[in-house]
Structure formats: structure tokens, C-alpha cells
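Peer 1: Below: one structure in C-alpha cells.
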Amino acid sequence: MSKVITSKANLDFGIENLAPMETPGCILMVKPTYFSVDYVINPHMEGNVGNVDKEKAMQQWEQVRDALGQSGLTIHELEGASNLPDMVFCANQSLPYVDDDGTREVIMSIMDSDHRKNEVPLIEEWYQEHGYQIHHLNYKKIPRFEGMGDALWHRGKKLLWGGYGFRTSLEAYHFISDTYKVPVIALKLKHPEFYHLDTCFCVLDSKTVLIYPEAFQPKGLNLINTMFERIIEAPKSEALEQFACNATCPDGKHVVIQRGATETNRKLREAGYEVIEVDTGEFLKSGGSVFCMKMMAW
Ligand code: ARG
């Protein structure tokens, strides 16, 4: 039976009651050969159509790949496809999972925009080749779900944090909770600039999260405050301009983050993380940064 929690009144467990989950052992990335801003589907893309420096984008992507490589995890590189300029954001087309017995499963996304729908079967091929059990959503019941743009694992625990409101519909989390047999804490997003959960919420380790609080409703904020021992807040300018909360912490120690988020980075260092600053300037033009440029898998 699905368990989707939207307010503290329905929260009947604490972190200590959650089953452990193996942390991801590999990273999937899609090369930015065909990356560009060709259309506008989020506010960050406005004014940026045709404005990507492809050579610079490739160099920045390589820098992100090498920074992620410092975690010691294996990186798989996939080719993009010529008419899919956003495929480089490979956090969005799927939500993988590993069961206690090592069975690997994946739920494929239903992208909100027609521009991005054809990315999904290409990413699905990778899962097929790697022996994953594949699930599809029923688009008649669930119109949209954008994978790990909105659905984020609590590190090392069987708990999913699910953003909804812009790119994902709440019903998706009932299906996910049923299929993977995990509870989901669903958080409604309220600002179009923070259209995916990964633009305002970044799990660093099982006790710590980096957030931009204004992106959430009071109910959601209350749930975040209840479940995490330590909350690091990014200021508005850094959340918006440097996409500070779209950082990633692949191993619980290193945080790879857009360069120049000075206050956020100071707080991260004070909290004991090793901060690796990278430049994702070309990708920020499309409304994405480090987190959404990779998929953590098993
Ligand atoms: N241009 C892409 C889009 O609007 C960017 C996706 C970035 N991904 C993310 N998870 N924030 O769909």
C-alpha cells in the first residue's frame, strides 16, 4: 500500500525507523555534444535561446565529470542525440532503485514538455543493457513525472523526497511508493524558478540537507525540519543565480557545486564538507547545474 506524506500530521516514522538502502555505486552522464537552448520551458531559459557556447559547454561538462570522479564512483558516459538539446540533464528521465537482494529497478519518466519526451527511451536503453527491471507509468493516470529532477533519495535510507507542482504530479508518488515499497515525503513547490525539487533541496548525507527555504510551503518546510538534524540554507541570490542547491554530494563528503556561491560554500566547509567548485555557466542558461547533469545508479 502506498504511503505518501504531505504534512507532519501523517508522519508516523522517524529517520531511525527507516530501512537502510545501498548507496549508488555508479554515475551516468550524457555528453553535451548536442546541448543548446532551443526553446523556453523554464524561466531560466528566457533570453538564452541560441546563446550557448558549445565548446565552453563541453569543457565545463568535462570539469563536472572529473570533479564527480573524485568520489571514486564509476562514471558511464552516454552519447546524446541531435534533436534533444536537454538530454544532457540526465537526472530527469528516470528514477532507479536497488532492492535488499540487489535487484535493480527503474521507473521511467513522463516528461512534461513534448520537447523532452524522446529522451526517455534513449536513457531506457542504458538500463536495459545493464539488466534493470523497467517500470512505466500509466500516462492516463499520471500525466507527468520528471525522475530525479523531482524525486530524491534520502542518503542511505529507504525514503524518497518528492517535489511536485510544476514538472511532476502528486499521483506519481503513489505509484512509486507502491512499486518500490518505500514511503514518500511529497513537497509542493511554489516558485517557477525552482521548478524541480533538485533546484532547492540537496541531500548531503543522512542527517544533512542543503535547501532554499522560500521555495517550499510551510507544511513542506516543517517536514524537512523534522526529518533532518542539520539544515544548511542557501541565500536567495545564490540559489537563483548559482543554482547552489543543485549541488551534489555523491559520497557524503565531497560537494560539487557551481562556482561563486560564496556564502553557501562557506557554510558547507564549516559543516565539514570538501567543496569542489566547478563552472556550469553554459548549463545555467538552460536552468540546470551539477545535480541534474548526472544520474546516480547501481
Ligand atoms: N532545460 C531543462 C528543462 O527545463 C533543464 C533541466 C534541468 N534539470 C533539473 N533537474 N533541474 O527541463
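Peer 1: Which of the numbered conditions does N222 fail, given that it passes all the others? Conditions: (1) free of Cβ contacts under 8 Å to residues at least 40 places away in the same chain; (2) more than 16 Å from the chain's Cα centre (by Cα).
Peer 2: Failing condition for N222: (1).
Peer 1: Identify, from the list E193, E171, the residue that is more than 16 Å from the ligand (Cβ to nearest atom) and either of a type in the set (D, E) or modelled with pLDDT under 95 (or both).
Peer 2: So the residue among E193, E171 that is more than 16 Å from the ligand (Cβ to nearest atom) and either of a type in the set (D, E) or modelled with pLDDT under 95 (or both) is E171.
Peer 1: Among the residues of the range 129-139, is any within 16 Å of the ligand (Cβ to nearest atom), β-branched (V, I, T) and in contact (Cβ under 8 Å) with a residue 12 or more places away in the chain?
Peer 2: Scanning the range 129-139 turns up no residue that is within 16 Å of the ligand (Cβ to nearest atom), β-branched (V, I, T) and in contact (Cβ under 8 Å) with a residue 12 or more places away in the chain.
Peer 1: Please tell me if Y180 is closer than 29 Å to I231 by Cα and under 15 Å from the mean Cα position of the chain (by Cα).
Peer 2: no
Peer 1: What pairs come out if I take residues in the range 194-205 that are in a loop (DSSP other than H, G, I, E, B) and pair them with residues that are β-branched (V, I, T) and more than 9 Å from the ligand (Cβ to nearest atom) whose C-beta lies under 7 Å away, six or more apart or interchain?
Peer 2: What qualifies is C200/I211.
Peer 1: A follow-up question, please. Mind checking whether some residue in the range 40-61 is at pLDDT below 95 and β-branched (V, I, T)?
Peer 2: No, every residue in the range 40-61 fails to be at pLDDT below 95 and β-branched (V, I, T).
Peer 1: Name the residues in the range 52-96 that are assigned to a loop (DSSP other than H, G, I, E, B), away from the ligand (no atom under 16 Å from the Cβ) and in contact with a Pro (Cβ under 7 Å, 6 or more places away or on another chain), would you?
Peer 2: S71, L73
Peer 1: Also: In the range 279-298, what residues are over 16 Å from the mean Cα position of the chain (by Cα), surrounded by fewer than 22 Cβ atoms within 10 Å (Cβ to Cβ) and outside any loop (DSSP other than H, G, I, E, B)? Please lay out each step first, then the result.
Peer 2: Going residue by residue through the range 279-298, those that are over 16 Å from the mean Cα position of the chain (by Cα) are 279, 281-282, 285.
Narrowing further to those that are surrounded by fewer than 22 Cβ atoms within 10 Å (Cβ to Cβ): 279, 281, 285.
Answer for the range 279-298, where residues must be over 16 Å from the mean Cα position of the chain (by Cα), surrounded by fewer than 22 Cβ atoms within 10 Å (Cβ to Cβ) and outside any loop (DSSP other than H, G, I, E, B): just G281.
Peer 1: Tell me whether the range 215-226 contains one or more residues that are within 16 Å of the ligand (Cβ to nearest atom), assigned to a helix (DSSP H, G or I) and touching a strand residue (DSSP E or B) at 6+ places or on another chain (Cβ under 7 Å).
Peer 2: Checked against the condition, which is being within 16 Å of the ligand (Cβ to nearest atom), assigned to a helix (DSSP H, G or I) and touching a strand residue (DSSP E or B) at 6+ places or on another chain (Cβ under 7 Å), the range 215-226 yields at least one hit.
Peer 1: Another question about this same structure. What are the pairs, 6+ residues apart or on separate chains, where a residue within the range 276-298 that is closer than 20 Å to K253 by Cβ and among the basic types (K, R) has its Cβ under 9 Å from a residue that is in a loop (DSSP other than H, G, I, E, B) and away from the ligand (no atom under 11 Å from the Cβ)?
Peer 2: Once the first residue is closer than 20 Å to K253 by Cβ and among the basic types (K, R) and sits in the range 276-298, its partners that are in a loop (DSSP other than H, G, I, E, B) and away from the ligand (no atom under 11 Å from the Cβ) give K294/P250.
The values are calculated or read from the model by the stated rules, or taken from the named source; none is laboratory data. This is a predicted model, so every value here is computed, not measured. Don't worry about glycine lacking a Cβ; one is built from the backbone with ideal geometry, like all the others, and counts go over all protein chains shown.
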